[in-house]
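Down below is the structure, laid out as structure tokens.
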Amino acid sequence: MNTQYKKGVLELCVLALLKKHDCYGYEISEYLSNHIDIADGTVYPILRKLKSDGVLTTYLQEESGGPPRKYYSLTDLGKQTFQNERAEYLDFAKSIRALLEDDNND
Amino acid sequence: MTKNEFLSKLENELKKNGIEDVDDILGEYEEHFAFKLADGYTEEEIAAKLGKPAELAAQFENDGSGEKRGGRKLVTVIGLVFADLFAAICFALLWAFEAAMAAAAAATGTLSVCLLLGLNIHSWIPAMPYWCGAIFGLCLAALTVLAAVGCIYVAAYLRQLMRSFARFQHNSMAAASGRPILPPIPTNPQLPAKMRRTLRQFALVSLAAFAICFVLGMLVSMLSAHALSFWHAWGWFGYTGLN
């Protein structure tokens, strides 16, 4: 699948994951690469972009027996963005699906 | 590709693309390696699954916030310089207070030893019967302990205050340059509970001892001088009252 196309959707997926709870980078990478066919490394550029957009923030948290981990969490802007983009995407996907399935039936 | 090969290639590509905070990005990938290695994958497998360094580096956009951040950083630095000047003066004054208190503790300590041992070098201490002096000596010894406890507490407080200020500075700079923020440090001293209890006990006991010895010393002096203002009777300060 087209990388650019996937990237846009991946941003939404990252927001959806973080909406549930704060995660560290590896958690997000692991979840997405298990569910979607992408290279493991692709998630980190997305996280960085979302952070510079002000949608995510990071904080360090001490872990028992290890160096502190960098956790990502949604900002208020991020929560708002997620709501808007989620609705937009679902709408969009519904139209496309209808169109494609219609096309199949012909 | 081994971990080090992957990371150094990625570093080169990122630098070539003029990306900021390269260390931060490399840190993420290093952590990724650490997790995967712990799961039993080899470095080669992990690197292959991550993707090609050049392609990954290309996905990091230079968000153009470099100049904006530069401006914000400058404002932060200027702000911090003024905050530092102010804080430096405050810290200097507070440490001067600490030094004065330590000097007072040393002085009262010395005086109490002289009074207890009956030493009167160059007759610096006003004349008085030994027992009156000894009680005042105990009183001063208690005051010395009290001042020493105060010194320890103030020193701990100042140390913590400076650490807290340093963390505030670090976080201000981190926020201005987009690095992660560390949790703030509390300003009150974080002494171990046992030490805090011991210090409090010392302070209370020495305060009580000081009060008791002071009153006792006054009473004994008045009785032995047969006068309420015994200092006049003993001709202290070069003044002998009505005589």
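Over what distance in Å are the Cα centres of region B:1-51 and region A:5-28 separated?
20 Å
How do A:33-46, B:76-89 rank on mean C-beta neighbours within 10 Å, highest first? Before the final figure, lay out each step's value.
Values: A:33-46: 17.9, B:76-89: 12.3.
Descending packing order for the listed peptides: A:33-46, B:76-89.
Cysteines without a disulfide-compatible partner in the protein assembly as shown, using Cβ under 4.7 Å as the rule?
A:CYS13, A:CYS23, B:CYS90, B:CYS114, B:CYS132, B:CYS151
Evaluate peptide B:104-110: per residue, the Cβ atoms of other protein chains within 10 Å of its Cβ; return the mean as an integer.
Numbers: counts 0, 0, 0, 0, 0, 0, 0.
Mean partner-chain Cβ count within 10 Å for B:104-110: 0.
Per DSSP H run of at least 4 residues, take -39500 (n - 2.57); add these up for chain A, divide by its residues and hand me the 222 nm value, nearest 500 deg cm²/dmol. Present the calculation step by step, with values, prior to reporting the outcome.
Values: 4 runs with 69 residues, N = 106.
That calculation yields -22000 deg cm²/dmol at 222 nm.
What is the helix-to-structure angle for B:3-16, meaning the angle in degrees between its Cα long axis and the longest Cα principal axis of chain B, kept from 0 to 90 and rounded to the nearest 10?
Once rounded, one gets 90 degrees.
So which lysines pass the test for A:LYS70, namely a Cα distance under 19 Å, with those fewer than 8 places away in the same chain ruled out?
The qualifying lysines are A:LYS19, A:LYS20, A:LYS49, A:LYS51, B:LYS36.
Could you work out [θ]222 nm for chain B from helices alone, using -39500 (n - 2.57) per DSSP H run of at least four and dividing by all its residues? Round to the nearest 500 deg cm²/dmol.
On the way: 8 runs with 184 residues, N = 243.
Value at 222 nm, helices only, nearest 500: -26500 deg cm²/dmol.
Note the angle between two axes, namely the Cα long axis of helix B:65-117 and the longest principal axis of the Cα atoms of chain B, as a number of degrees from 0 to 90, rounded to the nearest 10.
Helix B:65-117 and the main axis of chain B meet at about 20 degrees.
Run down the lysines and flag those whose C-alpha is under 20 Å from the C-alpha of A:LYS94, throwing out any fewer than 8 positions away in its chain.
Those lysines meeting the cut-off are A:LYS6, A:LYS7.
More than 29 Å apart: what percent of Cα pairs in chain B qualify? All intermediate terms of the calculation are to be shown ahead of the outcome.
Details: 18041 of 29403 pairs.
Within chain B, distances greater than 29 Å cover 61 percent of Cα pairs.
How do the peptides A:21-29, B:92-100 rank, highest first, by the average count of neighbouring beta carbon atoms within 10 Å per residue? Display every interim value, and only then the final one.
Numbers: A:21-29: 19.1, B:92-100: 12.2.
The peptides rank, most packed first, as A:21-29, B:92-100.
Can you pull the mean other chain C-beta count within 10 Å for peptide A:35-47? Each step should come with its number before you reach the end.
Details: counts 0, 0, 0, 1, 8, 10, 16, 5, 3, 10, 10, 2, 2.
Counting other chains' Cβ atoms within 10 Å and averaging over A:35-47 gives 5.
Looking only at other chains, what is the average number of their beta-carbon atoms within 10 angstrom of each beta-carbon in B:45-58? It would help to have the intermediate numbers written out before the result.
Numbers: counts 0, 2, 2, 2, 5, 7, 5, 2, 1, 0, 5, 6, 2, 1.
Mean partner shielding for this stretch: 3.
Using the crude model of +1 on Lys and Arg Cβ and -1 on Asp and Glu Cβ, and no other charge, please compute the dipole size for chain B relative to its Cα centre, in debye to 20. Walk me through the numbers before you get to the answer.
Details: 19 positive and 20 negative charges, 268 e Å.
For this selection, approximately 1280 debye.
Hey, what's the Kirkwood Rh for region B:3-63 if you take every pair of different alpha carbons, in angstrom?
On the way: mean 1/r = 0.0852 Å⁻¹.
Its Kirkwood hydrodynamic radius stands at 11.7 Å.
Bear in mind that the values in this text are calculations on the coordinates, not laboratory data. Small disclaimer: the values here were computed from a predicted structure and weren't measured. Every residue, glycine among them, receives a Cβ derived from its backbone with ideal geometry; neighbour counts consider all protein chains shown.
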